[in-house]
Amino acid sequence: MAYNAVDRWINTEKRNQVAILYVNERGEEKKLSYYELYREVNKMANALKNLGVKKGDAVSMYLPMCPELIISMLACTKIGAVHSVVYSGLSVGAFVERMNNAKVKILITADGTYRRGKIINLKKISDEAMLQCPTVETVIVVKHTDEIEMKELRGKELSYDKLIEGEPGECECEPMDAEDPLFLLYTSGSTGKPKGIVHTTGGYMVGVSTTLKNIFDIQPDDTYWCTADIGWITGHSYVIYGPLLLGTTTVVYEGAPDYPDPGAWWKIIEKYGITKFYTAPTAIRHLMRFGDKYTRIYNLSTLRILGTVGETINPEAWMWFYKNVGKEKTPIMDTWWQTETGMHLISPLPSAYLKPGSATKPVPGVFADVVDEKGNSVPLGTGGHLVITKPWPAMFRTLYEDEEKFKDVYWNDIPGVYKAGDMARKDKDGYFWIQGRSDDILKIAGHRIGTSEVESAFVSHPAVVEAAVIGKADPIKGEVIKAFLILKEGYQLKTKLIEELNAHVRYELGPVAVIGELEEVDSLPKTRSGKIMRRILRARDKGEDVGDTSTLEE
Ligand code: WTA
């Protein structure tokens, strides 16, 4: 992977081309050519080797969108180590769980990150997490923000800059088998524990490069920008690996879409002449609120293809994006896929006939269907389970140390196919319309989070005895959290406790867990075996018929 994404370009005309174009909300930029990237990756790879990191070892990153994150990931790849990136928007509880599950020995973190004019102190979060991560032997700290003084590094802490100082800019690639693990990425499932998705080398490399090339029609003169955070799968596949494998220039932006003003993104598109722009429906809905004021100020005429990912795009947002950003000239690629799938599975190609709100059809070589519980295809126009009926190159190979769950969740439920966990329908033209998850996973601003993770966060607060969480529709974020809480005697759901609970869940999980509403209840609908029936809470919340309640304990 490292050879194909970096090394092979340095003896070609791409040697001096910008590989990574880092920009932040303060307007600062840093450009790394393929040659510079190559040298930096090699230095870090050598430094990691010196620390004893070997093929197959797990190394974690808790870093903002910054060149060092990409360099560290590629350095792992180069020596065959497995990177496990933790999204820097997750907080202590979620962070600790991911580190301990993978028994990580080395963590790479930073002093802070820029967000809406403030600096978020990542080191502090990491320090707190480290108190609960006994396997970590070394913490490498990147100095990224100026304002936060890196306090004296202590004990097992090392400075990134010092670490790579004097390291040679050459390093041999570790030979990898196609099936050797490339990375581990935790994602939410329907139980409390996050799942460690294991991706391997060969198929993933083929899958992400082919889909990016075909769907975004990557050309030598492209400046490509995917706004996803590297901490999620979209960042892995389509900010780093896909673009570098194709030798393109990939933009890495650290900041919010609306800071310092809602024209921030359009300004970047104008300044760098972005040709391909890939983002999330939630961001589009957010920016749509400002009308066409900001999209008119900037020249967006370099754009040739737009893309979306993470959730269904509602037709209004699609039209706004099409008219105001693409100026009715650029097609929109609505790409459906998952952390598990590694690559786009259902998506148009640029020449396709598009229907706003549909991800259209499986990409060439991918076979999908909509089926009932038993696996029989349902008639066109009818909703059912979205399944993939044949293997695809970038498919995940297992769940880290949980092969049983891997089989049960994805393969055994509906035999013979991959069960995606989404509901969908196919229309008469064979177009797929994704209807949302069939399990207890929420999509908050496109970020994936499990209801039970949120429930565990609530019950770890002393005031809460039991909690049940459902998603509530939100015009911008798609979904936010609605929690039903049984409180301990003596507690009341008043302003002070509400604030405390908000802060507590944020501390446990991070700002991804957006709470919309809390409701105090005396009991929760449960089956006789004690499973919370969230379906009933959802129906009741929407004022719909709660359906069959015969299996309820109460
Ligand atoms: C949802 C993100 C509709 C879906 C790459 C899926 C989508 C989950 C789309 C995976 C889309 C992703 N249209 N829904 N174009 N793309 N989803 O693992 O529910 O964070 O199962 O991967 O996002 O989320 P994940």
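The values are calculated or read from the model by the stated rules, or taken from the named source; none is laboratory data. Keep in mind the model is a prediction, meaning the values are calculated, not measured. Positions of Cβ are backbone-derived with ideal geometry, glycine not excepted, and every protein chain shown enters the neighbour counts. Note: areas computed on protein heavy atoms with side chains; ligands, DNA, RNA excluded. Shrake-Rupley method; radii C 1.70, N 1.55, O 1.52, S 1.80 Å.
Put simply, of Thr312, Thr295, Thr302 the only residue that is part of a loop (DSSP other than H, G, I, E, B) and either under 20 Å from Leu246 (Cα atoms) or away from the ligand (no atom under 14 Å from the Cβ) (or both) is Thr302.
In the range 327-339, the residues that are under 13 Å from Ala352 (Cα atoms) and touching a residue at least 24 places away in the same chain (Cβ under 8 Å) form Cβ pairs under 7 Å with partners that are among the aromatic types (Phe, Trp, Tyr) and more than 14 Å from the ligand (Cβ to nearest atom), at six or more places apart or across chains, as follows: Ile332/Tyr322; Met333/Phe216.
Could you check, for the range 385-400, whether at least one of its residues is within 28 Å of Pro525 (Cα to Cα) and among the β-branched types (Val, Ile, Thr)? No, that holds for no residue.
Filter the range 334-347 down to the residues that are buried (at least 21 other Cβ atoms within 10 Å of the Cβ) and either at positive phi or near the ligand (Cβ under 9 Å from one of its atoms) (or both) and list them by number. Scanning the range 334-347 gives Asp334, Thr335, Trp336, Trp337, Glu340, Thr341, Gly342, His344, Ile346, Ser347.
Being aliphatic (A, V, I, L, M), in a helix (DSSP H, G or I) and under 23 Å from the mean Cα position of the chain (by Cα) holds for only one residue in Ile119, Ile125, Ile108, and it is Ile125. Among the residues making up the range 315-333, those that are within 16 Å of the ligand (Cβ to nearest atom) and either open to solvent by 60 Å² or more (accessible area, probe 1.4 Å) or part of a helix (DSSP H, G or I) (or both) are Pro315, Glu316, Ala317, Trp318, Phe321, Tyr322. I'd like to know if the range 83-91 contains one or more residues that are aromatic (Phe, Trp, Tyr) and part of a loop (DSSP other than H, G, I, E, B). Yes - at least one qualifying residue is present in the range 83-91.
If the condition is being crowded, with 22+ Cβ neighbours inside 10 Å and without any contact (Cβ under 8 Å) to a residue 24 or more places away in the chain, then the range 453-475 contributes only Ala467.
Only residues that are in contact with a helix residue (DSSP H, G or I) (Cβ under 6 Å, 6 or more places away or on another chain) and of a type in the set (Ser, Thr, Tyr) were counted across the range 361-417, and they come to 1.
If you go through the range 418-435 and keep only what is aliphatic (A, V, I, L, M) and either touching a helix residue (DSSP H, G or I) at 6+ places or on another chain (Cβ under 9 Å) or in contact (Cβ under 8 Å) with a residue 60 or more places away in the chain (or both), you end up with Ala420, Ile434.
Just to be sure, is Cys66 farther than 30 Å from Glu179 by Cβ, open to solvent by less than 10 Å² (accessible area, probe 1.4 Å) and in contact with a strand residue (DSSP E or B) (Cβ under 7 Å, 6 or more places away or on another chain)?
Details: farther than 30 Å from Glu179 by Cβ: yes; open to solvent by less than 10 Å² (accessible area, probe 1.4 Å): yes; in contact with a strand residue (DSSP E or B) (Cβ under 7 Å, 6 or more places away or on another chain): yes.
Taking the combined requirement at face value, the residue satisfies it.
Checking the structure you have, find out if any residue of the range 10-20 is surrounded by fewer than 20 Cβ atoms within 10 Å (Cβ to Cβ), farther than 17 Å from Ile240 by Cβ and touching a strand residue (DSSP E or B) at 6+ places or on another chain (Cβ under 6 Å). Yes; the residues of the range 10-20 include at least one that is surrounded by fewer than 20 Cβ atoms within 10 Å (Cβ to Cβ), farther than 17 Å from Ile240 by Cβ and touching a strand residue (DSSP E or B) at 6+ places or on another chain (Cβ under 6 Å). Only one of the numbered conditions (1) open to solvent by 10 Å² or more (accessible area, probe 1.4 Å); (2) farther than 26 Å from Glu25 by Cβ; (3) touching a residue at least 12 places away in the same chain (Cβ under 8 Å) is not met by Gly166, and that is (3). If you go through the range 522-545 and pick out every residue that is part of a loop (DSSP other than H, G, I, E, B) and crowded, with 16+ Cβ neighbours inside 10 Å, you end up with 3. With respect to the conditions (1) open to solvent by 10 Å² or more (accessible area, probe 1.4 Å); (2) closer than 24 Å to Cys173 by Cα; (3) in a helix (DSSP H, G or I), Val96 falls short on a single one, namely (2). Of all residues in the range 351-368, those satisfying the criterion of being within 16 Å of the ligand (Cβ to nearest atom) and open to solvent by 30 Å² or more (accessible area, probe 1.4 Å) are Ala352, Leu354, Lys355, Pro356, Lys361, Pro362. Against the condition more than 15 Å from the ligand (Cβ to nearest atom) and modelled with pLDDT under 95, how does Gly416 come out, does it pass? Spelling it out, Gly416 is indeed more than 15 Å from the ligand (Cβ to nearest atom) and modelled with pLDDT under 95.
Tell me, which residue of the range 381-410 that is over 19 Å from Asp369 (Cα atoms) and touching an Asp or Glu at 6+ places or on another chain (Cβ under 8 Å) is most open to solvent (accessible area, probe 1.4 Å)?
In the first step, residues of the range 381-410 are kept if they are over 19 Å from Asp369 (Cα atoms); the result is 396-408.
Filter again for touching an Asp or Glu at 6+ places or on another chain (Cβ under 8 Å), leaving 396-397.
Working: Phe396: 2, Arg397: 70 Å².
Result: Arg397.
From the list Gly478, Gly450, Gly510, Gly490, the lone residue that is open to solvent by 10 Å² or more (accessible area, probe 1.4 Å) and within 16 Å of the ligand (Cβ to nearest atom) is Gly478.
Among residues that are more than 26 Å from Ser209 (Cβ to Cβ), in contact with a Gly (Cβ under 8 Å, 6 or more places away or on another chain), among the small types (Gly, Ala, Ser) and within 15 Å of the ligand (Cβ to nearest atom), Ser438 is included. Checking each residue in the range 180-225 for being open to solvent by 20 Å² or more (accessible area, probe 1.4 Å), of a type in the set (Asp, Glu) and under 30 Å from Gly273 (Cβ atoms) picks out Asp217, Asp221. Residue check: Ala228 meets all listed conditions (1) part of a loop (DSSP other than H, G, I, E, B); (2) more than 13 Å from the ligand (Cβ to nearest atom); (3) open to solvent by 10 Å² or more (accessible area, probe 1.4 Å) but one, namely (2).
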